[in-house]
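Please see the structure below; I have some questions.
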Amino acid sequence: GQQLTAVLPTLIVLASRIPQIALNFAQGHTGQLSMVTSTLFLLGNVARLFTNLTEVKDPVLLAGVIVSLLLNGTLVLQLFIFRRKTQAYMRDLQAGKTK
């Protein structure tokens with residue numbers, strides 16, 4: 001019961017972030033993924049990591065926070081790596097040159 005409650009958020013993050021990361025790599029751009037939102041998710045993970053390490057000290061929660069941190073960090077990294085291709089994609093999208 002309680003373990004499932006602790007693991008469920010990590011499963012949801014895995015289910016949402018891994019397909020997005022894979023899609024970004026496959027497309028070579030991040031599309032309309034928001035830098036602000038992705039960075040806020042990452043900063044929230046850093047805050048959760050700090051809280052877990054200093055106050056909660058629960059290994060199951062810590063593992064989930066680390067997984068979320070790594071996945072959200074990967075998305076932010078992709079935003080930087082694919083920045084130019086994303087800008088070109090967005091220009092083409094606005095010009096009606098792409099789907």
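Could you work out [θ]222 nm for the chain from helices alone, using -39500 (n - 2.57) per DSSP H run of at least four and dividing by all its residues? Round to the nearest 500 deg cm²/dmol.
-27000 deg cm²/dmol, from helical runs alone.
I want to check the label-to-label distance for Ala47 and Leu93. Put each point 7 Å from Cα in the C-beta direction and report it in nm to one decimal.
2.8
May I ask you to list the trypsin sites (Lys or Arg not before Pro) in the stretch 1-74 that are in a DSSP loop and have at most 11 other Cβ atoms within 10 Å of their Cβ?
Lys57
Suppose we take every Cα in the chain and form the convex hull; what volume per residue is that in Å³?
It comes to 92 Å³ per residue, whole-number rounded.
Around Ile66, with a cut-off of 15 angstrom between Cβ atoms, what is the net charge of the other residues, counting Lys and Arg +1 and Asp and Glu -1?
Surrounding charge for Ile66 is +2.
Quick one: Karplus J couplings for the stretch 82-87, per residue in order, coefficients 6.51, -1.76, 1.60, θ = phi - 60°, nearest Hz, x for Gly and Pro?
Per residue, the Karplus-derived 3J(HN,Hα) values read 9, 3, 5, 5, 5, 4 Hz.
Is there a quick way to get the dipole size of the chain? I mean about its Cα centre, with the Cβ of Lys and Arg at +1 and of Asp and Glu at -1; what is the value in debye to the nearest 20?
500
Using alpha-carbon positions, what is the distance between the centroids of the stretch 47-70 and the stretch 1-36, in Å?
So the separation of the two Cα centres works out to 17 Å.
If DNA, RNA and ligands are ignored and the probe is 1.4 Å, what is the ranking of Thr10, Thr54 by accessible area, most exposed first?
If we order Thr10, Thr54 from most to least accessible, we get Thr54, Thr10.
The values are calculated or read from the model by the stated rules, or taken from the named source; none is laboratory data. Since we're looking at a predicted model, the values are computed, not measured. Note that each Cβ is placed from the backbone with ideal geometry, even for glycine, and that neighbours are counted across all protein chains shown. Areas reflect the complete protein model, heavy atoms only, side chains present, ligands, DNA and RNA absent. Shrake-Rupley method; radii C 1.70, N 1.55, O 1.52, S 1.80 Å.
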